[in-house]
Amino acid sequence: MKRFLLFICMGIQFLTVSGQPKPGNYFRLNVQYFEEEGGEKYLGVSPELKKSLPGKLGEAIQKYPRRFRYILLNKNRFQNTYEALYPDTVKINQLYSEALASDSLFMSYFSSLADPFITADLKKATYSTDELMVVAARFFYCSGVRADSTIISSICISLNGLTDVSFLKDYTLLEAFCFEAIFENLKPVGGKPGQFVENFKAYIKAGEKKEKPAISHLDDYLARVRQYCFDRMENDISLRQVLLSYYARHRESLPFSIVPGKEKQ
């Protein structure tokens, strides 16, 4: 009986009073000073996953770090307000943990990603394959224009087309999945880029060729090529295959299902 009670207590300590996982057990701030060439120093503060993660959820985060890192970097109201407390990193991380736990929106995403690993008989949300492709396409981002009018592009966790689009639904969980699936497949064989990456490069060149004759303003030109690439990536067969294959292999770890069909954003 004593062993049984001990097991219960050890399990409960990973959860908040509301039954949600405690973010302080899994996330922390990396805090350190950096010095630039001119001698100027600044305090760098960045959220990260802890190296030692407890319990079944900890094992899941270690196996699927990208989806949790996505919400950690993009979906919490992190403010760098801790400089005055440095070098007391223990205090800084205590306050950071409390801030995460009190952020209801972040906690809803964190709990949703955690549910498949800690909740039995989970009722899952549903997204369509068209929704999947609309969200995934936004990670293939045309971010700038060079002096010769060629386009600068990125595939990035934070510099992407999801920050300037207004969907009618909240696709945060789908965004986290797309980020994970895309980056797990960027260089699948021998270090060579995946076919969908090569296709993105080709779409950029095609977009440049299409829009260059009508350049009136570089910002407008960039926006047109960017949208051209979004449209092509939404319908890219290679990207669709990669995403659906990754989903099929990891569906049990996700808090949602992906089904064929369309749904309006």
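Taking the conditions (1) within 20 Å of the chain's Cα centre (by Cα); (2) at pLDDT 95 or above in turn, Lys205 satisfies each one other than (1).
Does the stretch 1-28 hold any residues that are under 22 Å from Arg77 (Cβ atoms), over 23 Å from the mean Cα position of the chain (by Cα) and either of a type in the set (Phe, Trp, Tyr) or at pLDDT 80 or above (or both), and which are they? Even if it seems obvious, please write down each step before you answer.
Looking only at the stretch 1-28, we keep the residues that are under 22 Å from Arg77 (Cβ atoms), and these are 16-18, 20-28.
Now restrict to residues that are over 23 Å from the mean Cα position of the chain (by Cα): 16-18.
None - no residue of the stretch 1-28 is under 22 Å from Arg77 (Cβ atoms), over 23 Å from the mean Cα position of the chain (by Cα) and either of a type in the set (Phe, Trp, Tyr) or at pLDDT 80 or above (or both), so the list stays empty.
Out of Leu53, Leu29, Leu57, Leu43, which single residue is more than 20 Å from Glu184 (Cα to Cα) and in a loop (DSSP other than H, G, I, E, B)?
Leu53
As a summary of the residue check, Lys91 satisfies the conditions (1) modelled with pLDDT of 90 or more; (2) within 23 Å of Thr172 (Cα to Cα); (3) of a type in the set (Lys, Arg) except for the one numbered (2).
Here Lys209 passes the criteria (1) in a helix (DSSP H, G or I); (2) surrounded by 12 or more Cβ atoms within 10 Å (Cβ to Cβ) except the one numbered (2).
Leu186: in a loop (DSSP other than H, G, I, E, B), open to solvent by less than 60 Å² (accessible area, probe 1.4 Å) and under 21 Å from Pro65 (Cα atoms), yes or no?
yes
Within the stretch 99-128, the residues that satisfy the criterion of being more than 19 Å from Gly58 (Cβ to Cβ), free of Cβ contacts under 8 Å to residues at least 40 places away in the same chain and open to solvent by 30 Å² or more (accessible area, probe 1.4 Å) are Ala99, Ser102, Ser104, Leu105, Ser108, Asp121, Lys123. Suppose the filter is of a type in the set (D, E, K, R) and in a helix (DSSP H, G or I); does Asp148 pass it? No. Look at Glu131 and say whether it is touching a residue at least 40 places away in the same chain (Cβ under 8 Å) and more than 30 Å from Phe196 (Cα to Cα). When the stated conditions are applied, Glu131 does not pass them. If the condition is being hydrophobic (A, V, I, L, M, F, W, C) and surrounded by fewer than 19 Cβ atoms within 10 Å (Cβ to Cβ), then the stretch 163-175 contributes Val165, Phe167, Leu168.
Tell me, please, whether a residue that is of a type outside the set (S, T, N, Q), open to solvent by less than 70 Å² (accessible area, probe 1.4 Å), at pLDDT 85 or above and out of contact with any strand residue (DSSP E or B) (no Cβ under 8 Å at 6 or more places or on another chain) can be found in the stretch 29-37.
Residues of the stretch 29-37 of a type outside the set (S, T, N, Q): 29, 31, 33-37.
After this cut, where a residue has to be open to solvent by less than 70 Å² (accessible area, probe 1.4 Å) as well, the list is 29, 31.
So of that shortlist, the ones also at pLDDT 85 or above come out as 29, 31.
Restricting the remaining residues to those that are out of contact with any strand residue (DSSP E or B) (no Cβ under 8 Å at 6 or more places or on another chain) gives none.
No.
Within the stretch 80-94, the residues that satisfy the criterion of being more than 23 Å from the chain's Cα centre (by Cα) and closer than 17 Å to Leu43 by Cα are Thr81, Tyr82, Glu83, Ala84, Leu85, Tyr86, Pro87, Asp88, Thr89, Val90, Lys91, Ile92.
Residue under question is Cys229, and the condition is that it be under 28 Å from Tyr109 (Cα atoms) and either surrounded by 13 or more Cβ atoms within 10 Å (Cβ to Cβ) or at pLDDT 95 or above (or both); does it hold? Show your work before the answer.
On the way: under 28 Å from Tyr109 (Cα atoms): no; either surrounded by 13 or more Cβ atoms within 10 Å (Cβ to Cβ) or at pLDDT 95 or above (or both): yes.
Criteria not met by Cys229.
Screening Asn160 against (1) outside any helix (DSSP H, G or I); (2) out of contact with any strand residue (DSSP E or B) (no Cβ under 6 Å at 6 or more places or on another chain) leaves a single unmet condition, (2). Are any of the residues in the stretch 75-92 over 20 Å from Leu29 (Cβ atoms), open to solvent by 20 Å² or more (accessible area, probe 1.4 Å) and not in a loop (DSSP other than H, G, I, E, B)? No, the stretch 75-92 contains no residue that is over 20 Å from Leu29 (Cβ atoms), open to solvent by 20 Å² or more (accessible area, probe 1.4 Å) and not in a loop (DSSP other than H, G, I, E, B). Is it fair to say Cys178 is surrounded by 13 or more Cβ atoms within 10 Å (Cβ to Cβ), more than 18 Å from the chain's Cα centre (by Cα) and either in contact (Cβ under 8 Å) with a residue 40 or more places away in the chain or outside any helix (DSSP H, G or I) (or both)? No, not satisfied.
The values are calculated or read from the model by the stated rules, or taken from the named source; none is laboratory data. Since we're looking at a predicted model, the values are computed, not measured. No Cβ is skipped: glycine too gets one built from the backbone with ideal geometry, and neighbour counts run over all protein chains shown. Heads up: the accessible areas ignore ligands, DNA and RNA and are worked out on the full protein's heavy atoms, side chains in. Shrake-Rupley method; radii C 1.70, N 1.55, O 1.52, S 1.80 Å.
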